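The numbers here are math on the coordinates, done by the rules we state, and not lab data. Model, not experiment: these values are computed from the prediction. Cβ coordinates were reconstructed from backbone atoms using ideal geometry, including for glycine residues, and neighbour counts include every protein chain displayed.
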Amino acid sequence: FDPTAGKPRVPHGGTFNANPVTMAAGIAAMRLWTESAVARLESMGDDLRQRANFALDESGLPFKVTGQGSLFRIMPKASSGEYRSTVPDAQTIAQRRELHLRLLGQGVLTSPTGLGCLSTVMKDGEVTEMVEGLRVAATTVAR
């Protein structure tokens with residue numbers, strides 16, 4: 001794999017290859033990854049999705065929050081009850097882009113396509129901040 005002597009037989013690149021700091025952080029994180037930590041994280045994810053969907057419904061923006069465990073995604077609501085109706089049109093893409101930017105302005109980091117995750121260091125206060133940030137951002141976009 002060593003490219004210093006010329007082209008390697010099998011190229012293998014990676015952001016964290018041979019990075020001892022990353023390995024130490026990974027080991028520390030795995031030691032903290034207990035059944036109770038996972039249960040708390042899953043409960044926080046359920047709470048986030050429920051409260052975020054309520055905030056989106058209040059705003060009138062036709063989006064919903066889906067996901068499982070610590071993962072979530074803000075996506076268009078299905079208009080016909082089938083997944084194909086969640087494929088965004090130009091207006092929905094523009095709303096999603098604006099929502100993403102407004103969430104950033106509220107201190108909520110998601111991907112541009114609405115993907116996000118919680119982590120074990122988060123507490124209920126961060127979930128509340130995320131939901132309130134979503135409420136403000138979605139209400140503004142829905143106008």
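Assign one of three labels to segment 17-143, namely rounded, prolate or oblate, based on the Cα gyration tensor with a ≥ b ≥ c the square roots of its eigenvalues; rounded applies when a/c is under 1.5, prolate when it is not and a/b is larger than b/c, and oblate otherwise. It is prolate, given that a/c is not under 1.5 and a/b is the larger ratio. Computed from the C-beta positions of T86 and T128, the FRET efficiency with R₀ = 35 Å rounds to 0.80. The longest part of the chain holding none of the exposed loop chymotrypsin sites (Phe, Trp or Tyr not before Pro), meaning those outside H, G, I, E and B in DSSP with at most 13 other Cβ atoms within 10 Å, is 34-143. Which of P62, P11, P112 moves the most in a Gaussian network model of the chain with Cα springs under 10 Å? Evaluated over the chain, the most mobile residue of the options is P11. Could I have the simple spin-label model distance between E42 and N17, label points 7 Å from Cα toward Cβ, reported in nm to one decimal? Here the modelled spin labels are 3.6 nm apart.
Remark: spin-label model distance A25-E98 equals 3.6 nm, labels positioned 7 Å along the Cα→Cβ axis. Within the straight-line cut-off of under 22 Å between alpha carbons, the lysines reachable from K64 are K77, sequence neighbours fewer than 8 places apart in one chain being disregarded.
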